[in-house]
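Heads up, the thing below is written out as structure tokens.
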Amino acid sequence: MSVVKHSIAKRSFDAVVVGAGGAGMRAAIQLAEAGLKVAVLSKVFPTRSHTVAAQGGIGAALGNMEEDNWHWHMFDTVKGSDYLGDQDAIEFMCRMAPQAVYELEHFGMPFDRNADGTLYQRPFGGHLSQFGQGKPVRRSCAAADRTGHAMLHTLYQRNVRQGTHFFVEWLALDLIRDQHGDVLGVVALEMETGEAMIFQAKATVLATGGAGRIFESSTNAFINTGDGLGMVARAGIPLEDMEFWQFHPTGVAGAGVLITEGVRGEGGYLVNANGERFMERYAPNAKDLASRDVVSRSMDQEIKEGRGCGPHKDHVLLKLEHLGPELINSKLPSIREIAIKFANVDPIKEPIPVVPTCHYMMGGIPANYYGQVVAQKDGNANAPVPGLYAAGECACVSVHGANRLGTNSLVDLLVFGRAAGEHVVETIKREPRAHKELPANAADRALSRLARLEGGSGGEQVAQVASDMRKTIQKHCGVFRTGTLLAEGVSKIREINARAQRTTIADKSKVFNTARIEALELENLAIVAEATVVSAEARKESRGAQAREDFKDRDDTNWLKHTLWYMQGSRLDYKEVNLKPLSVESFKPKARSY
Amino acid sequence: MKFRVYRYNPEKDAKPYMQDYDVPVADTDRMLLDAIVKLKALDDTLSFRRSCREGVCGSDAMNINGKNGLACITNLRELKEPVVLRPLPGLPVIRDLIVDMTQFFKQYHSIKPYVVDDRPLPEKERKQSPTERAELEGLYECILCACCTTSCPSFWWNPDKFVGPAGLLQAYRFIADSRDQVTAERLDNLEDPYRLFRCHTIMNCVDVCPKGLNPSLAISKIKELMVKRTV
Ligand SMILES: Cc1cc2nc3c(=O)[nH]c(=O)nc-3n(C[C@H](O)[C@H](O)[C@H](O)COP(=O)(O)OP(=O)(O)OC[C@H]3O[C@@H](n4cnc5c(N)ncnc54)[C@H](O)[C@@H]3O)c2cc1C
Ligand code: SF4
Ligand code: SF4
Ligand code: FES
């Protein structure tokens, strides 16, 4: 690494939270409430984080509509994860979920209500009663189809009340780690001035969200570039289960914009070119409310077998006309807006053309249910990395395993954002201490990344490399995967990742240089892309969201384990799945049908 | 397609200027934002904000052919050429299409944008009837894009004193919430010749809101409440 001689400003905090989406802001509430000195960094104004786009709801077994309990929620989550989820963390999340939702109500969330004034709940895919044996259960708490928007604004508002210190439009570049491996903060760039600064912290909480922008067709925002994952990977910490990406069944064909599963929860269903409600064949019990991986594969199967709709037979249709204008306008108003704007159809009159679209990253930064980032050390596969936490979509706790259930991300943000905040508070109160000394080279990695872009010319354009990456991932690592496609994908993505670390930009200015930001983001995206295809190629089975045509079955004997990908040498390792819950009996892997 | 774009980089430019572009757009580029993203691939020195590309995050508000709107949900085919793009009016420009939103958020924060209810809280949810909840419709959906506030002449003249339509819409959102216990304080906070009463019902705000919200109506409801409590 080139040594950059540069004076760089520094500020010190008890805790630094990177990310002001649902997870980061929930953590911040906990930290600010405890009176710690906290900085929350976000590359966009907090309410512009992608949590804002979540539509359908927050899963919690409140039992407001009919009998329900956290143990059923836990079973559904374990089964949904195709048994790759860690059962200690899943138990923790499902038990804490009701409290997390009530707290959000107390913060002022404008939830939809029942006639008796309690929170309204709607059905969602994979959420059933009686340990999967009973009927679909209404478990998703919602604010129309704008749940994420309402939740993100509510969390921001609560932070305003508490006087949380936000650093808005700051891009975190890299972690600071000392020779013992302790994390001592981050280096970040202020977009408006173009200046970098050290944020020294006793605890660093990563809450940087997903990286769905590695795919060409995605429900994710432009800013979902996996920055936290890149930072962690560069610092020598592995990424877990990166082969598992959720394809949401209902992205608007051609546009990628999401149509919530809540549409099917409210009674919408999918049909093929013959007008057949095909999910009845693939999932006789849950039908259109089977888990997402199952529905997406069924749709792809229909399309592959020539029963797709439209002139190119490349999508299926989501019907909701029969729900009537009143329900559509009251419970699904934004869906109607999206369909009109992005698909040119009014769903009150016509069905919406949809295709499976990349939506959610199940993998991420390895963490335990306290939010601590964990890595291998001295024979312990799950040794906490001192000073480092991760929560939300960027983390892999792992509650979602190989496939996430709808509504389980928003609840994950609330539960683990809070847990991470809580753990930081307890640790700092238990062991009050001064800041550790920063290593002399604390900012080197970050500054050399900036220096590369400041100088340099004649390299490749960011937009070109990014487009090649997205096309390659889409083609080689989509809904159905084969050994040959994946192997080709690995070599192509390795090359693209190398190119991503060598781009040049024309804009060399400092003030709000978004070309520079996009170049830095692409470095992270390409790392995520490489982790994804390398992990997918190695896993010789089908499980949850990973469907391999050459290994069609789940193989618990050889593959009931988490993947760990290290950037250094693009090396793989594995660790055990925790099948042992905290207080109840383990759910043993069983064949999965809906 | 032809574009004419406001350019200003404080490090290089003594003053702002308009730059013309011809951007090849494909059939699949439906929205204005698609074209601007293409434009940036041609000229990476153009700076603008964007994120969700579906009209929910409020990042890409700009002045499009003279009217404020969100680029990501503005249909490209309906725009007259050359498409003239400028930063939102009435706020300081940082660079190109990026404005400094500090004043806008200051006004938002000034209305205490959070439910205040310091009574002991129940273990579960507080009850709220569907009718009470319905009072929040058309209010809580605001995405803080600032299209309305930056189209309001009253805000242009008094950005530090007049709360502006977005802030006032939110002020009413908390007044209207059956759980909030401090309506009187909220009204006191606005009882001022400028904070609320600079609104002269010019209605630009209603005209531009990309979410179809009606700040003007919310403002008149606040005014009604003020009148009511004086009689
Ligand atoms: C369209 C859509 C609908 C969805 N609907 C649902 C639903 O109904 N129910 C459900 O449970 N889940 C849903 N999900 C999933 C869920 O919304 C996301 O997984 C979740 O919101 C992610 O939250 P987060 O807090 O982890 O990250 P985000 O909300 O993405 O926030 C990330 C934050 O990190 C910041 N950041 C990132 N990188 C940096 C950096 N380098 N420096 C500084 N800051 C940085 C960003 O500015 C942002 O503040 C949906 C997802 C999508 C895309
Ligand atoms: S109605 Fe009031 S707030 Fe709206 S634009 Fe006019 S003066 Fe401004
Ligand atoms: S009221 Fe409408 S225009 Fe104004 S900030 Fe909110 S969403 Fe934007
Ligand atoms: S990019 Fe989010 S509103 Fe347009």
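The values are calculated or read from the model by the stated rules, or taken from the named source; none is laboratory data. Since this is a predicted model, take the numbers as computed values, not measurements. Cβ atoms come from the backbone with ideal geometry, glycine included; neighbour counts cover every protein chain shown. Note: accessible area is taken over every heavy atom of the protein model, side chains too, but ligands, DNA and RNA are not part of it. Shrake-Rupley method; radii C 1.70, N 1.55, O 1.52, S 1.80 Å.
If DNA, RNA and ligands are ignored and the probe is 1.4 Å, what is the ranking of A:Ser217, A:Ser398 by accessible area, most exposed first? All intermediate terms of the calculation are to be shown ahead of the outcome.
Details: A:Ser217 35, A:Ser398 0 Å².
Putting A:Ser217, A:Ser398 in descending order of accessible area: A:Ser217, A:Ser398.
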Those helices of chain A passing the 27 Å axial Cα length cut-off and the mean Kyte-Doolittle cut-off of 0.5 (DSSP H runs only) are A:514-538
Rounded to whole Hz and in sequence order, give me ³J(HN,Hα) for the stretch B:98-110 from the Karplus expression 6.51 cos²θ - 1.76 cosθ + 1.60, θ = phi - 60°, writing x for Gly and Pro. 9, 9, 8, 8, 3, 4, 4, 6, 4, 5, 4, 4, 5
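Please work out the ratio of the alpha-carbon Rg of the stretch A:361-426 to 2.2 N^0.38 Å and round it to two decimals. Show your work: numbers first, answer last.
Numbers: Rg = 11.7 Å, N = 66, 2.2 N^0.38 = 10.8 Å.
Here the answer is 1.08, to two decimals.
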Can you give the Rg and Dmax of the stretch A:443-548 based on its C-alpha atoms, in angstrom? 15.8, 49
For chain B, cysteines whose Cβ has no other cysteine Cβ within reach (under 4.7 Å): B:Cys72, B:Cys142, B:Cys145, B:Cys147, B:Cys152, B:Cys199, B:Cys209
If only Cα atoms are counted, what is the Rg of chain A, and what is its Dmax, in Å? 22.7, 69
Which residues' amide hydrogens lie under 5 Å from the amide hydrogen of A:Lys10, considering only partners 5 or more residues apart or on another chain, with H built in the peptide plane? A:Ile198
Give me a comma-separated list of calculated 3J(HN,Hα) values for the stretch A:251-256, in order, Karplus coefficients 6.51, -1.76, 1.60 applied at θ = phi - 60°, integers in Hz, x for any Gly or Pro. x, 4, 4, x, 9, x
Can you flag which of A:Lys37/B:Lys112; A:Lys492/A:Lys575; A:Lys10/B:Lys12; A:Lys341/B:Lys80; A:Lys471/A:Lys540 are past 25 Å Cα-Cα? A:Lys492/A:Lys575; A:Lys10/B:Lys12
P(r) tail for the stretch A:179-318, what percent of Cα pairs lie past 28 Å? 40 percent
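A 19 angstrom limit on the alpha carbon distance is what I want to check against. Which of B:Lys15/B:Lys38; A:Lys508/B:Lys40; A:Lys79/A:Lys377 exceed it? Before the final figure, lay out the partial values.
Numbers: B:Lys15/B:Lys38 26 Å; A:Lys508/B:Lys40 15 Å; A:Lys79/A:Lys377 30 Å.
Pairs exceeding the cut-off: B:Lys15/B:Lys38; A:Lys79/A:Lys377.
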Using Cα pairs closer than 8 Å and at least 6 residues apart in sequence, work out the relative contact order for chain A, in percent. 22 percent
Sequence order, the stretch A:182-191: Karplus ³J(HN,Hα) from phi using 6.51 cos²θ - 1.76 cosθ + 1.60, θ = phi - 60°, Hz rounded, Gly and Pro as x, gives 6, 9, 10, x, 9, 9, 9, 10, 7, 5
Quick query: amide H of A:Val374 versus all other amide H atoms, modeled in the peptide plane; which residues come in under 5 Å with a sequence gap of 5 or more or a different chain? A:Ala367, A:Asn368, A:Val385
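Using only Cα atoms, what is the ratio of the radius of gyration of the stretch A:266-329 to 2.2 N^0.38 Å? If you can, show how the numbers build up before the last one.
Numbers: Rg = 12.2 Å, N = 64, 2.2 N^0.38 = 10.7 Å.
Cα-based Rg divided by the globular estimate yields 1.14.
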What figure, in Å² to the nearest 10, do you get for the accessible area of A:Glu33 with a 1.4 Å probe and non-protein molecules left out? 110 Å²
Gain on full stretching of the segment that runs from B:Glu132 to B:His109 - 0.36 nm per residue minus C-alpha separation: 5.8 nm
Beyond 32 Å between alpha-carbons counts as too far, so tell me which of B:Lys106/B:Lys211; A:Lys349/A:Lys552; B:Lys161/B:Lys221 fall in that bin. A:Lys349/A:Lys552
Between the alpha-carbon centers of the stretch A:422-458 and the stretch A:132-194, tell me the distance in whole angstrom. 19 Å
Report Rg (one decimal) and Dmax (nearest whole number) for the stretch B:161-205, counting Cα atoms only, units Å. 11.0, 32
If I take the Cα coordinates of the stretch B:95-231 and project them onto the principal axes, what are the three extents in Å, biggest first? 50, 37, 23
Taking B:Arg50, A:Arg445 and ranking on accessible area (1.4 Å, protein atoms only), highest first, one gets A:Arg445, B:Arg50
Using 0.36 nm per residue, how much length does the chain from A:Arg571 to A:Thr193 gain when fully extended, once their Cα-Cα distance is taken away? 132.3 nm
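Evaluate E = 1/(1 + (r/R0)^6) for A:Lys561 and A:Thr484, where r is the Cβ-Cβ distance and R0 equals 22 Å; express this FRET efficiency to the nearest 0.05.
Numbers: r = 24 Å, r/R0 = 1.10.
Step by step, r from the Cβ atoms, then E = 0.35.
Send over the Kirkwood Rh of the stretch B:124-197, from the inverse of the averaged 1/r over different Cα pairs, rounded to one decimal Å.
Working: mean 1/r = 0.0736 Å⁻¹.
The answer is 13.6 Å.
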Solvent-accessible surface (1.4 angstrom probe) belonging to B:Lys2, in square angstrom, nearest 10: 100 Å²
Cα lying deepest toward the dipole's positive end in the stretch B:134-231, options B:Ala134, B:Gly164, B:Val227, charges on Cβ: B:Val227
Distance (nanometres) between label positions extended 7 Å along Cα→Cβ at A:Leu327 and A:Lys313: 3.2 nm
Given the protein chains as shown and a 1.4 Å probe, how many square angstrom of A:His312 are accessible, to the nearest 10? 140 Å²
Within the stretch A:175-189, whose backbone N sits under 11 Å from a point 7 Å along Cα→Cβ of A:His435? A:184-186
With r defined as the distance between the Cβ atoms of A:Ala591 and A:Glu549 and R0 fixed at 25 Å, what FRET efficiency is calculated, to the nearest 0.05? 0.80
